[in-house]
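Notes follow once the structure below has been shown.
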Amino acid sequence: MTEHVGIDTHDAWVEFPIFDAKTRSLKKAFLGKAGGAIGRNTSDVVVVEALRDITLSLKEGDRIGLVGHNGAGKSTLLRLLAGIYEPSRGSAQIRGRVAPVFDLGVGMDPEISGYENIIIRGLFLGQTRKEMLSKIDEIADFTELGDYLEMPLRTYSTGMRVRLAMGVVTSIDPEILLLDEGIGAVDAEFMKKARKRLEALVKRSGILVFASHSNEFLAQLCDTAMWIDHGTVRMHGGIEEVVGAYEGPEAAEHVARTIRELEAENEREKAAGA
């Protein structure tokens, strides 16, 4: 692992210029995708302010969940941390090898087999061909796709594609893991099996930043949370506290209950292992 893995952003803004601000439909289309507010930058160009004044410092071992409505800026923040977007103002410094998992289907080819896609997807996530070949049997076993792995990806259902992608994603050893909420698309029974594997992935990673609408996932994988609203940080603190402020006391209680259940389950597993 890279020495001193870390993320530091200071007053970081991400702005998308709209050169023809008179075109109402263009503004509407842009806002629909990016969220944020309309403003003007220092050159007096009309912009969508997708992120504003983001100051964040994360070190190895940090596990932070991002909450907020669709279009609030969660995915934009993940892309800033991945280096896909440069800050238009302020700074963003990322130290460590980043594994961005925004869309489980990215880096997959519908015309080649499941086995070949395991290799391709692994390369996309920064692994070597040799590393992926050594993991291929274990990934295949996890997916439970059997003979389908010999067939082209276009013959797969959405659920099967997610299983394949999840098998690859959870096999890597990232220094900084950026997870978007797409993993919620897996069926409940498979997710039960995948949860432990996902937890192990998070433990192996130096830093986790996870954008999710699932409070259960947040409770399982993160120890702090950040509420993003209209491109700004509304609150940063414990998961129960942040979810409570964002969604209300019932959601906070659900998070607290989930954390208690996970702790009890871990204690039972420890006792059984002893």
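Every number here is computed from the coordinates shown, using simple stated rules; none is lab data. Just so it is clear, the structure is predicted and the values come from calculations on it, not from any experiment. When we count neighbours, we look across all protein chains shown, and the Cβ atoms used for this are built from the backbone with ideal geometry, even at glycine.
Any chance you could check the Cα centroid distance between region 117-136 and region 210-250 for me, in angstrom? Region 117-136 and region 210-250 have Cα centres spaced 33 Å from each other. Taking the average, over residues, of other Cβ atoms within 10 Å as the packing measure, peptides 109-120, 146-157 rank 109-120, 146-157 from highest down.
Taking a 19 Å limit on the Cα-Cα distance, which of the listed pairs Lys59/Lys203; Lys130/Lys196; Lys74/Lys196 fall beyond it?
Values: Lys59/Lys203 14 Å; Lys130/Lys196 25 Å; Lys74/Lys196 25 Å.
Checking Cα-Cα distances, Lys130/Lys196; Lys74/Lys196 exceed 19 Å.
In terms of surrounding Cβ atoms within a 10 Å radius of their Cβ, Phe142, Phe102 rank from fewest to most as Phe102, Phe142. Length gained on full extension, Arg234 to Val45, computed as 0.36 nm times the residue gap minus the Cα-Cα distance: 65.4 nm.
Magnitude of the charge dipole for the chain, about its Cα centre and with charges confined to Cβ atoms of Lys, Arg (+1) and Asp, Glu (-1), is about 640 debye. Placing unit charges on the Cβ atoms only, positive for Lys and Arg and negative for Asp and Glu, gives region 185-257 a dipole magnitude near 520 debye about its Cα centre. Counting neighbouring Cβ atoms within 10 Å and putting the fewest first, the residues Lys196, Lys74 line up as Lys196, Lys74. Between Asp137 and Glu86, the FRET efficiency estimated from the beta carbon spacing at R0 = 51 angstrom works out to 0.80. Against the chain, whose longest principal axis is taken from its Cα atoms, helix 158-169 shows a tilt of about 90°. Among beta bridges from DSSP that stay inside the chain, the antiparallel ones total about 60%.
Rounded to the nearest 0.05, what FRET efficiency do Lys196 and His69 give with R0 = 25 Å and r taken as the Cβ-Cβ distance? Could you check?
Values: r = 30 Å, r/R0 = 1.21.
With R0 = 25 Å, the Cβ-Cβ based efficiency is 0.25.
Below 8 Å, C-alpha to C-alpha, sequence gap of six or more: please give me the relative contact order for the chain in percent.
Numbers: 511 pairs, mean separation 63.3, N = 274.
Reported relative contact order: 23 percent.
In this label model, Arg129 and Ala271 are separated by 5.2 nm, measuring between points 7 Å along each Cα→Cβ vector. Do you know the relative contact order of region 102-173, to the nearest whole percent, from alpha carbon pairs under 8 angstrom that are 6+ apart? For region 102-173, the relative contact order is 43 percent.
If you take the beta carbon distance between Asp103 and Arg204 as r and set R0 to 35 Å, what does 1/(1 + (r/R0)^6) give as a FRET efficiency, to the nearest 0.05? If you can, show how the numbers build up before the last one.
Numbers: r = 22 Å, r/R0 = 0.62.
Given R0 = 35 Å and the Cβ-Cβ separation, E is 0.95.
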